[in-house]
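Report on the following structure.
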Amino acid sequence: MANFALFLGPALVLLALFFVFPVIVDIAIAFTDMGQTLQVKEFTTKNFERMLGGDRRLSMALGLTFIYVLGTLAIFNVTFGLVLALTTTAIPDRVGSFFRAVWLLPRMSPSVVYALLWAWVVDPTERGLLNQFINGAFGFEVYDMMNDHPMMLIILANGFIGASMGMIIFTSAIRSIPEHLFFAARADGAGGLHIVWHVILPAIRWPLSFITVYQTLSLLVSFEYIWLITNGGPFFDTTVYALYVYQRAFEHGQYAYGAALALVLVVIGIAAALLMWRFMDMKRLLQQPRIEVQ
């Protein structure tokens, strides 16, 4: 009992304080009429009734969230992260380490600095880096990505920084594969793509599953780069669900309604995690190892 309290006690306290308690508070506020004055006059279900029938922007936020999460996850966080890991492990170690360090720079920089850099890149004037390139190299007209393709902008901004985590996890997983498997594959005449498909991908199945689940849940609740770069615009075209919750609660002072929206987001996250857990058969990852005894 003493060892339990010593080693797991602090973790359980932090878990209860920063995860369980906020959810309980959120549930309590969601069934009130708390507004800007922070006064509670009644306990009600009107917030959920409003979500079901009276909020026209809610369905739009859910649709944008689906596109944002799926696009960022499929193109960058998993696929591009895997490509970076495969590429940087196939070249000499020093060169690979250098490129991995470069890709980690955005993650190590403050969010505001990263967002300001993207604002400069897509500046819809001749001062913007993107317009300097396409206008100077190809003679194209000024391109306003923030207004013409805002969803592509937030997927790119979040994807380039999100791919770095997958790159690190996948790189570690690839390096842990026994070298004799690669030697055997090459001896059998396998090329690079065959080695990736038949050796590397089966060996890193669980890291792939982990990154997919973790990044999906992370993207569902992340909005800081969207808020800093586009502020959910133009015309709510990049207002994903998490940003919509923030705007309702803290910009409009509708704390009870924001808490109800956040509670639904928790339910969506739990449902997504359980579905992916089942689909990817991650229960096998936690099974007891079966060791043959001679």
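Computed from the coordinates by the stated procedures, all read-outs in this text should not be read as laboratory data. Quantities reported herein were computed from a predicted structural model and do not represent experimental measurements. Cβ sites come from the backbone with ideal geometry, for glycine too, and all protein chains shown count toward neighbours.
Rounded to the nearest 0.05, what FRET efficiency is calculated for Asn147 and Phe182 with R0 set to 51 Å and r the Cβ-Cβ distance?
Computed FRET efficiency for Asn147 and Phe182 comes out at 0.55.
Using a 7 Å offset from the Cα along the Cα-to-Cβ direction at both Val264 and Val102, what is the distance between the two label points in nm, to one decimal?
Once both label points are built, they end up 4.4 nm from each other.
Among [x] 38, 31, 17; [y] 29, 27, 20; [z] 41, 33, 13, which one is semi-axes √(5λ) of the Cα gyration tensor in Å computed from these coordinates?
Read-out taken from this structure: [x].
Per-residue HN-Hα couplings for region 229-244, Karplus 6.51 cos²θ - 1.76 cosθ + 1.60 at θ = phi - 60°, whole Hz, x for Gly and Pro?
Each residue of region 229-244 in turn: 8, 10, 6, x, x, x, 6, 6, 6, 10, 7, 6, 4, 4, 5, 5 Hz.
Taking amide H positions as placed in the peptide plane 1.01 Å from N, state which residues far from Thr32 in sequence (5 or more) or on other chains have amide H under 5 Å from it.
Long-range HN contacts for Thr32: Thr44.
Lys/Arg Cβ at +1, Asp/Glu Cβ at -1, dipole of region 57-282 taken about the Cα centre: which of Leu153, Trp197, Phe66 is farthest positive-ward?
Ranked along the dipole, the leading option is Trp197.
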